[in-house]
Structure formats: C-alpha cells, structure tokens
1. Compute the Kirkwood hydrodynamic radius of the protein assembly as shown, taking the inverse of the mean of 1/r over all pairs of distinct Cα atoms, and give it in Å to one decimal.
2. Provide the per-residue ³J(HN,Hα) series for segment A:355-371, in order, calculated from phi with Karplus coefficients 6.51, -1.76, 1.60 and θ = phi - 60°, each as a whole number of Hz, with x at glycine and proline positions.
3. Restrict the search to segment A:319-377; then list the GluC sites (Glu not before Pro) that DSSP places in a loop and that have at most 16 other Cβ atoms within 10 Å of their Cβ.
4. Remind me, what semi-axes does segment C:184-249 give for its equivalent ellipsoid, largest first in whole Å, using sqrt of 5 times each Cα gyration tensor eigenvalue?
5. Based on alpha-carbon positions alone, could you give the equivalent ellipsoid semi-axes of segment A:17-152 from the gyration tensor, as √(5λ), descending, whole Å?
6. Arrange the peptides C:186-194, B:430-438 so that the one whose residues have, on average, the most other Cβ atoms within 10 Å appears first.
7. Please work out the Cα center distance from segment A:348-400 to segment A:16-45, rounded to the nearest Å.
8. As a test of the formula, what do you get for chain C when each DSSP H run with n ≥ 4 contributes -39,500 (n - 2.57) and the sum is divided by the residue count, at 222 nm and rounded to the nearest 500 deg cm²/dmol?
Amino acid sequence: MTTESTNIKTFVESFDPARSGLPGAGLGWLKALREDGIERFEALGLPTPKLEAWKYTRLKPLEDTRYQPVTDEDGMAALDTVPSLLPDPGGRPRLVFVNGWMRPNFWIDGDLPDGVHLEGLRDVLETRPDWIRERLGTLAGEDASSLVQLNTAMMDTGFVLRVEDGVRVETPIEVIFVGGLTARPVAYSPRNLIVLGKGAEATVVKYHVGLGAGAYLANSVSDIEVGPGALLRHYKVQAEAKEATHIHTIRARVARDATYESFSLSIGGRLSRNEVSVRLEGEGAHCALNGAYLMRGSEHCDNTTVIDHLVPHTTCREVFKGVLDDESRAVFVGRIVVHKDAQKTDGYQLCKTLLLSTGAEIDAKPELEIYADDVKCSHGAATGQLDETALFYLRSRGVPEALARNLLVQSFIGEALEEISDEVVRQAITDQVVHWLPAACYLAEEWRAE
Amino acid sequence: MVASIDTVQQVKELTEEKYKYGFFTDIESETAPKGLNEDIVRFISAKKNEPEWLLEWRLKAYRYWLTMPEPKWSKVFHEPIDYQDAYYYSAPKSAADGPQSLDEIDPQLLETYEKLGIPLKEQERLSGVAVDAVFDSVSVATTFKAKLGEVGVIFCPISEALESCPDLVKKYLGTVVPYTDNKHATLNSAVFTDGSFVYIPPGVRCPMELSTYFRINAANTGQFERTLIIADKGSYVSYLEGCTAPMRDEHQLHAAVVELIALDDAEIKYSTIQNWYPGDENGRGGIFNFVTKRGHCRGRNSKISWTQVETGAAITWKYPSCILKGDNSVGEFYSIAITNNYQQADTGTKMIHLGKNTSSRIISKGISAGRANQTYRGLVRISPKAKGARNFTQCDSLLIGDRCGAHTVPYIECKNKSAIVEHEATTSTISEDQLFYLRQRGIPPEEAVALVVNGFCREVLQQLPMEFAVEAQKLVGISLEGSVG
Amino acid sequence: MLEIKNLHVSVDGKAILKGIDLSVQPGEIHAIMGPNGSGKSTLSHVIAGRDGYEITGGRIIYQGEDMTGMAPEIRAAKGIFLAFQYPVEIPGVANTTFLKEALNAICRYHGKDELDAMQFVKVMREKTKELGIPEDMLKRAVNVGFSGGEKKRNEILQMAILNPTLAILDETDSGLDIDAMKIVAEGVNKLRAPERSILLITHYQRLLDYIIPDKVHVLAHGRIQRSGDKKLALELEEKGYAEFGEAAA
C-alpha cells in the first residue's frame, strides 16, 4: 500500500466518530449518498499538483494535519459580538455559524417577504426531504472532485435559501461563518443550497471570518440554481484565520434570461481555493464572475473558474484583480468553454496582478475553449509592479510615499470592486480592502474612492 | 500585394490540384529492416560511421524511451502509434557513398526537388539561398558550401559534421534538448538519421539565408532529423526550413529535434514553412508532426526568433521555445497555424526567463476551419532572478465554420515583481458583413476569405524573409480551400 | 439603367418590401427618402445581392438583365456599387491591397488585363488627388480606426476607383457633421456623369441641398408612397413623414 492511500485512510478515519451524528441519519437515500461520497473520495484521494486542475496548488496542510470533527463544545464556543461584514444589521436577515455549528441565538430573521425561505440544512432535511433530495442528487454527480465527494459524505451544516417565483428580496442576506475558535485542528463541511424561482431576485453575502488562532479546514460546497429571468447576487469575503484552509466549491446553473453575479474577495487563510463553475443553460443567461485577492505572509490563494456556454446567446464577464506581498502566492485559472452550437456567445475575461514583493508569485492560466464560430471571446492577463511614475507623481503632489502606495493599490483593486452592483456590499467590501492595507496608513475618509 | 494576387491564382489552381506536393518519386532505396530495437539503433549508427560516444548516447536514449509513457496532456487525438510498423532508415541508394557534387545525384532526385521548387541546380543558385536537402533519412545535397567556407561558416549534414568537426557536435549536441526531454525527442535521439549542422564563427554575419528542405518519400518511413545551429559570439544567421511529403493513406511519423544555441551578442532567426501532407478531406493519412524545437540564448544580448507557418500535417505537436539565460537576451515566437478538414494542431511556445532584463514576444495567429481543432499552448515563466523581465503575448484565433474548434491555453508563472507580463487573446470569425463588403466590391468568396485571413496573419507574415513570405501567403489561401460554402 | 418591377422582399418570413416600382435612366440621380424601418436599406442590399433576403415577387432589371439571384461580386463587376451605411472593418488588409484586388477581379471578369503595380499607383494617385483624400489613408487597414467621416470618404474613393455605372449611397450622410457631409457631397458631384446613375438613400433632406436629385421618392411601409422632384424633399423637411403614417393599411 502506498503512503498516499495510507494517508487517505487515516484522513478518513479521523472523521469516523462524527459520521453517526450527521444530520439526516434517518434518510436511507442520504446514507447511500454519503457512503458513495466517502468511497469516491477514498478512490480519488486528495488532489495533487499532478492533476491539471491542481497544477499550482498543493494541499500541504491537509497532508500534514489530522483534523478532528467538530464537537458540540466547539460549536457552542463563546462569541461576544458577531463580526458582521455589513454595517448596521438592523432589519437585515442574518445567519451565524460558529466553528461550523449553527447558532440560532445569533440569527436575525429580518423583514424577508413572503415566499422566501431561509433555513439550516438540518431543518430542511427534516421538513422537505424529497425536495432537497432532488437537488443534492443532481448536483453532486459522479464527476465531482474528490473534495466535493468528501463534502457530500460529511456535510454537517450549511443553509438553504429558497425564493419562490416572482419574489424579490431587496436587502442583502448575510451568512456569517466564524472559524478558529478551537484549541485543536477541526474540519467541517458546510453544504449550502440557493434556489431562485422564475423571476425571483436575491442578494446573498457570505462572510467567512477567522477569530481565533486555531487551524481548521472549512470544506464548503454551494449549489445554486437561478431560475428563468431570476437574478442572484452572490458575494463572498474570505477572511479566515492565519492557519485556516478554506476550500469552497460553487456550482451554479443559470436558466434562460437569468443573471448570476458573483464577487469573491480573499484576504485571509493560509490556503484558500475558490472553485466556481457556472453553466449557462438557457438563452439570454448571463454571468458576472468577479473577484479580488490580497495576500501577504505565506498565504496561498487559488481562484479556479469554469464558465460553460451551452446554448446560443449567452454572455459572461469575468474580472479578477490581485495584490501579492511578502512570500504570498496566487493562482488564477479561468476557463471559458463555448460548446458546439452556442453561437453568439459573448465572453470577456481579465486577470491582473500586482506583485509588491520579490518573493511573491502569481500563476495564471486564462483559457478559452471554443467550438462555435460566431462568437466574441477575449481574455487578458497581466502582471506587474506598482507604477513608479504614478508613485512619483503622487509624491510630487505632496502625498507621503506609504499613503501613495496604498492609494495606487486601492485604485488597482478598484477596477474589480466596480463590478459589484449592490452598493451596500460594494462599500463593505471596499472597507475590507482598505483595512487590509498596511496599518500605519489607513486612508482618511476623504481619500476614499467614490 | 503581388503575393495576394498570387494567392488568388493559387487557390484557383488548387481547385484541380489539391495538395501539389503529393507526388511520389520512384527511386531505389536502401532501408533498414522494419521495426525498432537496439540493433536498428546500432545499424543506423554503423551506417553513419559514428563515433562510439554517439552510439552510447543513442542507446541510452533508446533504453530511456522504452520507459516513457506517451505524452497525454495535449488536445490531440490519434490511435496509438505502432512503433514496430515503421522503417527507421531509408536512403536513396545512389547516395550510399555520399554525393560529392550535384552531378553525382540521382537525376530523378533532382527532378523531385525541381518539382518542389527548390533551387538545387546550378543555374538557380542566383537566388542566394544555400540549401541542404534531406530526402527521407539522408541529406542529399548542400549548395554553396565553398562560398560559406570562405567566411568560416559550416553548413553541412550533421552526419558529415560528425566527421569534419566532431568536437563541435559533441560539445553542443543534446545540451538544449537532452535525450530525456520527452517521448518524441528521446526517440529522435535514439534513431535520428540526418539533419543540418550550422556553425557561425564569432563576429560573422552569415552572407546568405541558409535553408533546408525536408522530404519524406518512402512509404511507412518515419523521418527523424536533427538540426543543430550554433551562433558564436557576435554572429548572425537566418535559417529557413520547408517540409513536404507524398500523399499516402497511412500516417507517417515525423519526430524532429532542433537545437539552437546563441552565444554573447549572437542572433538566430529560424523560419519554418511546414506543409507536410495533411491527409485527405476525410482525415485519412497525413503526417504526425511531433517536433521538439528549442533555442538557448546562452550569451548576453543574444536573440533567438522563431517564425512558423504551420499549414500541413494531420497532427502538429510543436512548441518552439526559448531559454533566456543570458542577461538582456530576447526570445520571439511568431506563428501562423492553419487547420482545415480533420487536421489537429496543438502548438505554441515556452519562454523561460532566467537572466536579467530578458524579454520575449509571442504573436500567435490560429485559423481553424472544417472539422479541425487547434490549440495554442504557451508558457511564460519568469524565474525569481529574472529582474526586469518583460513579456508580451498576443493570441488570436479565427474560426471558419461551426464544426471546428479553437482553444487557447496559456500558462503564466511570474516569480519576480519587477517583471511585466501581458497576455491578450481574442477569438473571432470572418463576419458575413466582411464577406458581403468584399464581394460587393467584386471579389469572389474564396479570394475574399484569403484576403481576410492574410490580413489576420499580417503581423506574422511580415516576419518572414522575402523568399518565404510569398510562399506563405499562397499557402494561407490554399490551406483554406473549400472552407467556405 | 435600372428597372425595379413590383418587388416584394421578406426577411425571416416578414414582408419588408411590398411592391416597389422604380425606373432610373442613365445620368439620373434619384433620392429615396423615408422614415426609419421603411425598408430603405433592404432595398439597397437587395439590389447589391446580399444573402438573407427572400425575393417573394417582382424583378430587378439592370441594363436589360435580370439581376435576381446573381452573386454580389458579379453584380459589382457589372457596375453596381453600394456605399455602405456602416463600412466594414477588415483588419490587417491595407486599403491599397483591397482596392487592387477588387479592381483586378473586375478586370478579370471582363477579360481585360489586370493593372500592374505602376498603373495601379497612378490610378490611386489621380483619384485621391481629385477627391482631396490624404494618401496615407490608402496605407491603413480597410476602415480600421477610421473616423465616421473618413469611412464615408473611403467609400467615395472606392466608388471613384471602381468606376461603377450604378452607385447606391446608403445613408452616406448619417453620422456626419456639416463639413464632412459637404466633402462627401462634393465627391459625389464630381462623379456625376451622363452614363452613371446614382441612387441616394437618406432619411434627411439636408444632403439634397448639396446633391441635387432629378427625382425624389418617398418610401414608407415597404412601398413608394409618392414621387416628385426636389421640391418633395423640401416638403418632407417641413411636414415630416407623419402623413405617411396611415398609408400602410
């Protein structure tokens, strides 16, 4: 037996104690699904750089650390204040998870209109098992990656948002995942489901934030269905703790004339990977897949995206911008696939990275795969350092150097932030970017971009 | 402008003529037994009176090759290659003792080259291009040797170089593409039969274009030529390469290796027009063109520039690359790849920046028509020490018809903050508006397509030496024959 | 020169032209005016032979020959020239290359000798000078990076070089300021000749201040609603197309 498969065995065994307590234990189909998942995970093993999709990211922490399942005690860890991303949560609906555990006492129902259902995964498994079975089954799939298989086997938490036909939710719904409040390495596997009916509209903001110093593995999967003519704005901020490993797989299906807008900001975690795959399944479907990454220390952030244009007349736009300091490293793999007969596709992709330090590294692979001729697709990728001329220009106008550097970084990231269509969220995410900048020179209000 | 008129005529001619290099020359050949084993490797080496070290090197390569899996990462698909079902050595019999002058060459062979439009004959020498012609496994003629000799330029078959300047060959062979490099290059290391050798002494600007024409003639024969070009300090050379093959129903393997070495302040310009038989319109036959080409900018301020026009071959698998080791060295890759019918191409380049202030430029124009699939695959790597490195990449794809594919797979790895790397790619088609506009002005559809495609490729065509530019423009039109209804 | 008889055209099954009759004699300039969506551009495209239009009835006779179903390049060779409303960009192909290709294709069609490089340069020089077009425009790629005015002047230059017998100017004045329009109009007037007919397609009367038409037709709802002389254009300028609003039924 090779060491690799031995590792996988011990990795899996450490989860055994938790398996009997997982939600939906009474559901036969779910039990089968979970068993399938663990078998496939064991067969596939942890992804390694030998796989093209993982060429630039090695899951070192997963090879070295023996993660334990979350216990009730971990889940009930004390939390004085909820670290909210959005200002003034007042009437805004909010869900809170701590160390992967649902914490209803922090939830705010907010003023959600009728026809909007926001619940924990555990509850939905009890109240609407058939409805969720249909979705978990179709979206899990045999071809899913090993980490998705692991999630399917171990999914223990997460939320379900269901918006009925024609219902529009005005306020952003915030979901907060607090991690790092444990003394030993833990792992949890949130499984989220967002389903928007015909013509529905909603904005979901996920805030993954690390408070303590503990090492943990958050292996999340979000499955998303955007119904005909619906609009989903799906934002995410990854500000995990220093020793965290954050894996998030998002799979979205977008129907006719529907729009899926996503933005992902990565500013924390030892190792993070956002893997987003979007299928544009109906004519007129559009997706905007954007993000920013700001890394320092020895952080590693991987954004891997695939957009499948399956039918004619679909469009996509993708803008990612990143700033890398110290010894940090980022990976951007963006693939746009235009399938046969998906004529009149319009696709655009841009990835730009600033390297602030000699030790930093960016690996980019913007990829086009095209099987139809009447399409307009383009991509661009660029890396460089801060523009010395611009820096000099600002300094010659009296701006101190440190501040000038911050301003240039902020303006660089700004191009991606502009893609966020929800104003409240854009401001909140801009604040996160500003806070990331070197502490000595927080920008004064008047310096902030509009 | 003149050339585009030629394009138009060529397209017309081709309507009847199709692949005009598809003839086969019936001459007596000497072949090694079919199949591949250590004895064949020894046979080839013995045929060429090679020194012991080279035989050892070949055998090491052969043994290593046995352990290697077929490369699977590219987007090309074909039946497994039966390596035992091919001949690895085939030489025109009359050349057995080596032709001393053109008079000794089989007249039928000369006729073949005449058909190919290659100026081997005395009266055509006015064109000012020195030619080395490789027919199946051996080099049959090298022109202008004496004139080149006056300035110290060595331009001869590599088998001859092993006798006349073995130390030079030994010093550089396999230093850019080691025998362990990849399955196809390793096979070449084991069984290469001939190819060109060029050495430009320090400070010499090669007085004429050097050119090699490759021709696969015999059936079931693989061609494995190996080219080695060394540009010593402060020298310059421009080298042209052309390839054709007869039309045959079975696939034939062409696994060549080209190694370029540029020392301080030297410059090598390497241009290829690849027009191997592409197979018929149903994808039957055609050459498997699995080629490893790599240049090493070993010296400061050196420059290597690759220009390729890839229109032939059933499958092209080729990544002419530059290792930019010397400070301030420059690498360039200009490419036009055209695939039609069932042709497949997975081609691109690697620019490995190691030295300070190194720069590279990649311009790739891919045209896909019929049921063809084409991939641009490129790597730009900036190592931590490559301070001030600079890369610009532009990849454009043009699709003609709704059953072809065009793919762009660039890898960008940047480990130095002072580097500037820019990559742009676009995909488009020939729009109906463009076609109607040109036709309204009186230009027939096929010519209109050739005109738009030539415009699309202009940036690359401009890089070719004059002698090749005209031929390349013609090829662009011809290769797309029948792609518009 | 051009006889259009009871022409019916539809696009994707929708009738656009519903019975056009038009007769243009050699040397005449006809203006076709009409509101947006009246079928003006369809008419010009159909005369030039663009794909995608179905002729459901009627005929287009040009110099005594039925044009219906003929390829656009053959029509061009026979002397029909269409100045496009939106001239198309062809990256990488120099204007000179393009014009030479076009001119020589037409020569070949008529079995005439093609121009050699010297002869061609001479023709180009002559025409650019005549029309006051800077020579550097010839070296640039066809319409790529041209301003709106430059594109339209390029169309006029092509017309001068290809020397058609029937020129159709499709909304050549659209998007031009008054100075640019004057230059274009001047170019057209220089090309007026007894053997050449011109069809001006326009939404506005203002172009007709500079190019005086022999006849004016009003096209609305797929039919010619009225014909007259240049006074009709002035009348339209005053009253607009409102009176043709009801005529459709």
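Rule-based calculations on the coordinates, nothing more; no lab input. Here the structure is a predicted model, which is why all the values come from computation and not from measurement. We place every Cβ from the backbone using ideal geometry, glycine too, and count neighbours over all the protein chains shown.
1. Result for the protein assembly as shown, one decimal place: 34.0 Å.
2. 9, 9, 9, 5, x, 6, 9, 10, 10, 10, 9, x, 10, 10, 10, 10, 10
3. On the way: sites: A:Glu327, A:Glu361, A:Glu367, A:Glu369; in loops: A:Glu327.
The qualifying sites are A:Glu327.
4. Values: eigenvalues 121, 34, 17 Å².
Over the Cα atoms of segment C:184-249, the semi-axes work out to 25, 13, 9 Å.
5. One finds semi-axes of 30, 22, 17 Å for segment A:17-152.
6. B:430-438, C:186-194
7. If you average the Cα positions of each part, the centres end up 43 Å apart.
8. Rounded to the nearest 500, it is -10500 deg cm²/dmol.
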